[in-house]
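The values are calculated or read from the model by the stated rules, or taken from the named source; none is laboratory data. Remember, it's a predicted structure, so these values are computed and weren't measured experimentally. Ideal geometry is used to build each Cβ from the backbone, glycine not excepted, and the neighbour counts take in all protein chains shown. Remember, those area values only see protein heavy atoms, side chains included, never the ligands or the DNA or RNA. Shrake-Rupley method; radii C 1.70, N 1.55, O 1.52, S 1.80 Å.
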Amino acid sequence: MASLFSKDKRMIYVRRIRNFWEEYSRKKIGMAGLVILIAYVVVALSAPWLTSYDPMSQPRLAQAFAKPEWVTILPQYQDLATTQRISLRWNVEKGFEFVKGWNLTEAKVHYEAETMKPVVVELSSKFLETKKAPNEFFQKIRYDATNIQDVEYQITVSLLTPEGDKYLFFRSAAFTVDSVRDVTLDGKDPLFISTLGFKLTENVANIVFSQKGEYTCIVLISFRPLSSQATAEVSVKDAQVVLLGHVHGILGTEYLAHDIFTHLVHGARISLTVGLLAAIVGTTIGIIVGVSAGYLGGLYDEFAMRVVDILLCLPLLPLLLALVALYGRNVYYIVLFIAIFGWQGLARVIRSQTLSIRETAYIDTAKASGASGSYIMLRHIVPNIIPVAFASMILAVPSAILFEASLSFLGFGDPRVPTWGMMLQHAFGFGGFSHLAWWWIIPPGLAIIGLCLSFVFIGYAFDEIVNPRLRRRR
């Protein structure tokens, strides 16, 4: 091992690498592939910083199948709005003076009974809507009722449109105990739609927010004392109206209103990992089998080549589908299966190279000096076939990426990781094609093509350098 990394050996390796780079840099197609690959690697490594969402657990960011935000530069899409998250700031319209913190996002109402008459406090918050009516919306509100004593209280939430139409969104039961509650009013919820008095086939968001102008959210807090010692404190906070946009981000959203750009960026990591790991493992197996079969010969060579012939005759994709179905949809299993069935061609090439190297004079000299078979294979044969094996490994990466994408598209991919094949499978199965959501279908397809082409370009240039028969005359 020491002699392998001695000073003289290091100088030889450095000189070889420098000479290789000088020759490679003259290959325009190889440099183009290298630039593309570096761009993919940078995107994969910086995925957590390029996107602010978790690819596997995202909130509802916009309406389903929202278009990319940049389409608003076109005249026909200029009226489309992004998602608006409006935090409500309360004003006291009527009631009594025991209200603290109005004009803030939290309004605290302190009640003490002076008479046995019911009291109603009205809080209001206004917001402006100027874009096209959303197809989906929801409202969130939280209220805390504490120090409840001898009083019955009730919360009501309404929305007033610019033209004076009033919609009752929510009315709580009458409570006499402390409670903390988060209320979400979803414009797609059938119960909410029926409460408003609409048919389930009607789009509530289009109806309620069809007018452009100033909307008012009204919260009524009613108190009915049960004795002259009645007291209560009610806080209304974290109130928000969310109007889900027709457009979102760089690549829009899919059927669950998740960010497509996040899936695309994180998918680069999986595709690079699957392609490189499968190619490295497959190439390693091919080197071991090819070198050992070519050098040892005899019965071992015959057995190894017959195994290669059998594996080459097997239909690969159906076999991979059966193995994934049997052992589970795990990305590491997929890498292993692709590698196991991807080394046969390389093993044959390396065997033929080994047969020719085995007959050279320096191999005979090594045998005469008492070198063992393992020493000869590791120190004399493997270094000579590494360039060919490396070129084959580079060209095996696109095949592994395409196999993983094919498995994912057919529904046999790992559901726990975001992959480009899984994106296409979801687009096919959940309305991407029927909704003509090109921003969901085209990007993963282009990403797969671009990554595969980068390795093909690099492998083509590399093969021209290491294979003398492909070198061009200068």
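Between the Cα long axis of helix 7-24 and the first principal axis of the chain there is an angle of about 70°, rounded to the nearest 10. A value for mean projected area of the Cα convex hull in nm² was derived from the coordinates, and within the list [x] 34.4; [y] 28.1; [z] 21.5 it appears as [x]. Give the cross-link partners of LYS188 among the aspartates and glutamates, using a straight C-alpha distance below 14 Å as the criterion and excluding same-chain residues fewer than 8 apart. LYS188 reaches GLU136, GLU202.
For the range 403-471, the Kirkwood estimate of hydrodynamic radius, built from reciprocal distances between every pair of different alpha carbons, is 13.7 Å.
Which listed residue (LEU314, GLY328, TYR300) has the Cα farthest towards the positive end of the charge dipole for the range 298-366, taking +1 on Lys and Arg C-beta and -1 on Asp and Glu C-beta about the Cα centre? Most positive-ward Cα: GLY328. Under a model in which nothing but the beta-carbon of Lys, Arg (+1) and Asp, Glu (-1) is charged, the range 123-227 shows a dipole of about 260 debye around its Cα centre. Between the beta carbons of GLU114 and SER194, assuming R0 = 56 Å, the FRET efficiency works out to 0.90 to the nearest 0.05. Multiplying the residue separation of TYR13 and ILE288 by 0.36 nm and subtracting their alpha-carbon distance yields 96.7 nm. Across the protein chains, with a 1.4 Å probe defining accessible surface, the residues ASP238, ASP186, ASP150 rank ASP238, ASP150, ASP186 from largest area downward.
Quantify, in whole percent, the carbon and sulfur part of the accessible surface of the chain (1.4 Å probe; protein heavy atoms only).
61
Charges only on Cβ, +1 for Lys and Arg, -1 for Asp and Glu: so what's the dipole of the chain about the Cα centre, in debye to the nearest 20?
Result for the chain is approximately 2580 debye, rounded to the nearest 20.
Each 5 Å bin from zero holds the following percent of Cα-Cα pairs in the range 251-395: 2, 9, 15, 15, 15, 12, 10, 7, 5, 4, 3, 2, 1, 0, 0.
A convex hull fitted to the Cα coordinates of the range 196-336 yields 297 cubic angstrom per residue.
Ignoring ligands, DNA and RNA, what accessible area per residue does the range 240-380 give at 1.4 Å, in Å²?
Value for the range 240-380: 45 Å² per residue.
Ranked by solvent-accessible area (1.4 Å probe, protein heavy atoms only, all chains present), the residues SER374, SER125 order from largest to smallest as SER374, SER125. Here each label is just a point 7 Å from Cα along the line to Cβ, and for ARG306 and MET56 those points are 4.5 nm apart. Counting every C-alpha pair in the range 46-175, the share spaced more than 26 angstrom apart comes to 45%. Dividing the Cα radius of gyration of the range 135-241 by 2.2 N^0.38 Å, with N the residue count, gives 1.21.
Helix 28-45 axis versus longest C-alpha principal axis of the chain: approximately 40°, rounded to the nearest ten. Candidates VAL456, HIS246, ALA361 compared by Cα position along the dipole of the chain: farthest toward the positive end lies ALA361, with charges placed on Cβ.
Could you calculate the FRET efficiency of PHE428 with ILE29 from 1/(1 + (r/R0)^6), where r is the beta carbon distance between them and R0 is 35 Å, rounded to 0.05?
According to the calculation, E is roughly 0.60.
Extending 7 Å from the Cα toward the beta-carbon at both LEU299 and TYR333 defines two label points whose distance is 3.6 nm.
Exposure check, 1.4 Å probe, all protein chains in place: LEU402 carries approximately 80 Å² of accessible surface. Per-residue accessible area for ARG379 at 1.4 Å probe radius, Å² rounded to 10? Here the residue's solvent-accessible area equals roughly 80 Å². Rounded to the nearest 10 degrees, the angle from helix 344-358 to the longest Cα principal axis of the chain is 30 degrees. In the chain, the DSSP beta bridges split such that about 100 percent are antiparallel, to the nearest 5. Taking Cα centre as origin and charging only the Cβ of basic (Lys, Arg, +1) and acidic (Asp, Glu, -1) residues, the dipole magnitude of the range 281-431 rounds to 140 debye.
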